[in-house]
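The values are calculated or read from the model by the stated rules, or taken from the named source; none is laboratory data. All values reported here derive from a predicted model rather than from experimental measurement. Cβ atoms come from the backbone with ideal geometry, glycine included; neighbour counts cover every protein chain shown. To get the accessible areas, we keep the full protein, side chains included, count just its heavy atoms, and leave off ligands, DNA and RNA. Shrake-Rupley method; radii C 1.70, N 1.55, O 1.52, S 1.80 Å.
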Amino acid sequence: MMKVLLISVAGILSLFVCEASPPNFIIIFADDLGFGDLGCYGHPSSLTPNLDRLAMNGLRFTDFYSASPLCSPSRASLLTGRYPVRSGVYPKVFDAGSIGGLPLNETTIAEVLKPRGYATALVGKWHLGVGANGKFLPTNQGFDQFLGIPYAHNMGPCHNLTCFPPDVKCSGFCEVGTVLVPLMRNDTVIQQPVDFLTLEQKYSDVATTFIATAAEKQQPFFLFHSSQHTHGPPYAGVKAAGRSLRGPFGDALLEFDQTVGDILATLERTGVINNTLVFFTSDNGPSLVSYGGNSGLLKCGKGTTYDGGMRMPAIAFWPGVIKPGVTHELASTLDLLPTITTLAGAKLPQVQLDGVDMANILFNHTRSERETMMFYPTTPPQQYGLFAVRWGKYKAHYYTSGSEFSDMSPNPDCPPSAKVKSHDPPLVFDLEADPSENFPLTLDDTPDLLALVEKIKRVKEEFEATMEFGESQILKGTDVELEPCCNPRCTPKPTCCHC
């Protein structure tokens, strides 16, 4: 069968679609995990045996990008296959009481798969809005089940975040004056505040039960496991706390990795591992602060349009189908929806998609259909447009700026003190020769630089001619009455929301 896979992508796709049991899909999504944070990507002290196993037996990407350097927009783009400015998920992220959310007329991967008979579940962090009466929650976006937190775990008081029980507090900051972070099942708050130290184990239990139930029913399934690890402040439960060499961040990463191991073990036990595509990546780059992650050799981190903010670790794993190896082809979270849609024999949404099918990369390790990647900042003003464009191995920066999330980077281009700066002509980097974006190309070393700049400019203009900014959902504002509360009619808020 492997020979067939390597010869004909079209043939293997038709084979999957015609089989009695369509393939299952699992997306494992880390939070604020950097390009340099995993053992299989070169970190010397991270303890990630299960993710390393995925990399050893799967396809590891070196040039895989998120569509945004922040959480809410990056999640919107993964689920819809569209740049987040199209769906209005900008600027920055949704708050606990945000009025808006991912628009219901956007089509998610789960909604694509439902007509094909898939069971769908989201376990973990949502962060795409709650809204009045929970209108924007996952169960209204194609997911049969949701267990998790509706936004980032630091968007509420840090009530029990300990890194090594019983009393060593985690580094980092949490918000005050808002409701305690709730745990939700579907559209109902079942615990408030959530017990963070048992939360990842709950995720593992629900995810593995979902897989086992679908396998027993012989029903194809889509699981989106979206943990809040390794977002700050980092913490871990008792099975991981104090067990890594990297301190609180390493413990959080280890606990996340343990869930990956539980998922793989369940796939093996239920006999569906050979019919399941597992795809791992992260939502955006790491927070470059004392308790944060590591972007490796890439420049800057979360919140910036340098590669450290948007170039992610990524692994595709499918035993007997995807040949192990490494690919240097250009790919993105945007590409997951069209790829999964094709493999499931489903119908693509009738909207402007920005993703492309990754079948050639996954099955043949050949050329990507993606030639470009566009980089919007966390607050994308339409008068600026794109901050950067990657075309092939080249990346052109038209604007650059630092970010509060890269505050402790020693590079002066990364902290928030590095304000928005225009570059005309753009700064152009050869990312194969200089992945750290340290040395802009010059006419001395690249005689055809002017022609290259002109070509990238045409690519940029052609793309921007197709871009229509959706109405900002985040600028609709907030309402404290929309903050999730287990006892919504109680007073005084937020302190009475405690159940």
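Below is a table of values for the structure above.
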{"read-out": "Stretch gain in nm, segment VAL176-LYS135, where the contour uses 0.36 nm per residue and the Cα spacing is subtracted", "value": "12.2 nm"}
{"read-out": "Calculated [θ] (222 nm, deg cm²/dmol) that DSSP helices of n ≥ 4 give over the chain, each run adding -39,500 (n - 2.57)", "value": "-7000 deg cm²/dmol"}
{"read-out": "Spatially proximal aspartates and glutamates relative to LYS92 (Cα-Cα < 13 Å; intrachain offsets below 8 disregarded)", "value": "GLU404"}
{"read-out": "Net charge contributed by nearby residues that have their C-beta within less than 10 Å of SER77 (K/R +1, D/E -1)", "value": "+1"}
{"read-out": "Cα shape, the chain, gyration tensor, a/c 1.5 rule", "value": "rounded"}
{"read-out": "Separation of alpha-carbon centers, segment 229-270 and segment 78-121, rounded to whole Å", "value": "27"}
{"read-out": "Under the span-like rule (Cα at least 15 Å along the axis, Kyte-Doolittle mean at least -1.0), DSSP H helices of the chain", "value": "196-217, 247-269, 449-464"}
{"read-out": "Distance between modelled label sites at HIS423 and ASN487, nm, 7 Å Cα→Cβ extension", "value": "5.5"}
{"read-out": "12 Å cut-off, amide nitrogen to a point 7 angstrom out along LYS217 Cα→Cβ, residues in segment 129-157", "value": "144-145"}
{"read-out": "Relative contact order, percent, the chain [alpha-carbon distance under 8 Å, six or more residues apart]", "value": "25"}
{"read-out": "Surface share of carbon and sulfur [accessible, 1.4 angstrom probe, percent] for the chain", "value": "53"}
{"read-out": "Full-extension gain in nm, THR62 to LEU348, via 0.36 nm per residue minus C-alpha separation", "value": "100.2 nm"}
{"read-out": "Surface accessible to a 1.4 Å probe, per residue, for the residues of segment 334-445, Å²", "value": "46"}
{"read-out": "Antiparallel bridges, percent of DSSP beta bridges restricted to the chain (to nearest 5)", "value": "55"}
{"read-out": "Spin-label model distance (nm) - SER45 vs GLU471, 7 Å beyond Cα toward Cβ", "value": "5.1"}
{"read-out": "Global form of segment 311-371, assessed from the alpha-carbon gyration tensor, a/c cut-off 1.5", "value": "oblate"}
{"read-out": "Gain upon complete extension [GLU369, MET408; 0.36 nm per residue less C-alpha separation]", "value": "10.3 nm"}
{"read-out": "For segment 137-142, Karplus couplings with θ = phi - 60° (6.51, -1.76, 1.60), whole Hz, Gly/Pro x", "value": "5, x, 5, 9, 10, x"}
{"read-out": "Nitroxide proxy distance, nm - points 7 Å out along Cα→Cβ at ARG185 and ASP448", "value": "6.2"}
{"read-out": "Gyration tensor (alpha-carbon) shape descriptor, segment 250-380, a/c threshold 1.5", "value": "oblate"}
